[in-house]
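Comments concern the structure below.
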Amino acid sequence: TYVTQITTNKTEWYQGWKYGVAATGDSALDAGSYYVQEAKASPGYTVNNEKVWINVVAGQTARQNYAHFKEPPKTGSAELDKKSDNLSMTDNNNCYSLAGAVYGIWKNASCSGDAWKSMTTDAKGNAKIDGLPFGNYWVQEITPSKGFELDKTIYPISVTEANPKATIHSVEPAGNDPFVITINKIWNGEETPT
């Protein structure tokens, strides 16, 4: 039997966790067993369908009869494709490979500190990461693939309800070390008029 509903307040951080608290009044419920189930999730989260039983004891306050719920955050993905800036030089050239480039994902715009997560390109220059909670992230290359220079561009992305799959297009400079060849032609036969 439906009894009442409560709504969580503004979320607050406590001991590394983000909490939202909802409570009835201290005398709102008669003593007995009740179950609590989430009807609507907080923004950015999915509904937790778990039923949590609470045994309300007469004379106790609402704070003494509590339950913890964990809401799984909504998540999306990020996909990256890496291309060469000089296809005529890098295509079909064993000195270059699109595979193995490592891109870090940060939660700060300066990409400072250690990367929060990372992804690595395959042979076609593609990389993907799933399970990113909705929010803003910044992507930058950490390790270039064979033959390429480091792409120092910082790519901002947003993973949202409206855009659950963020895309990044990296055009990377191909390493090019020009050198000079000198050819000396020496005639070692008999001298001729020509």
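The values are calculated or read from the model by the stated rules, or taken from the named source; none is laboratory data. Note that the coordinates shown come from a computational prediction; the quantities given were computed from them, not determined experimentally. For neighbour counting, all protein chains shown are included, and Cβ atoms are generated from backbone atoms with ideal geometry for every residue, glycine included. These accessible areas exclude ligands, DNA and RNA; they are computed on the full protein's heavy atoms, side chains included. Shrake-Rupley method; radii C 1.70, N 1.55, O 1.52, S 1.80 Å.
Tell me whether the stretch 1-74 comes out rounded, prolate or oblate; compute the Cα gyration tensor, take square roots of the eigenvalues as a ≥ b ≥ c, and use a/c under 1.5 as the rounded threshold. Write out the running numbers ahead of the final one.
On the way: a/c = 2.20, a/b = 1.57, b/c = 1.41.
In terms of gyration-tensor shape, prolate.
In Å², and per residue, what accessible area does the stretch 58-191 have when probed at 1.4 Å with the other protein chains present?
Details: 8860 Å² over 134 residues.
Result: 66 Å² per residue.
If you roll a 1.4 Å probe over the chain with all protein chains in place, what percent of the accessible area is carbon or sulfur? Display every interim value, and only then the final one.
Numbers: 7190 of 14070 Å².
Of all accessible area on the chain, carbon and sulfur atoms account for 51 percent.
Once amide H atoms are placed 1.01 Å from N in the peptide plane, what residues at a sequence separation of 5 or more from D85, or on another chain, have their amide H within under 5 Å of its amide H?
For D85, the qualifying residues are E172, A174.
Can you give the FRET efficiency to the nearest 0.05 for A109 and K165, using r as the Cβ-Cβ distance and R₀ = 30 Å?
Working: r = 21 Å, r/R0 = 0.70.
In this case the efficiency is close to 0.90.
Given a cut-off of 22 Å, name the pairs among K51/K117; K18/K152; K83/K107; K83/K128; K82/K152 whose C-alpha atoms lie farther apart than that in the structure shown. Can you show the working numbers first?
On the way: K51/K117 33 Å; K18/K152 34 Å; K83/K107 25 Å; K83/K128 15 Å; K82/K152 13 Å.
Violating the 22 Å limit, Cα to Cα: K51/K117; K18/K152; K83/K107.
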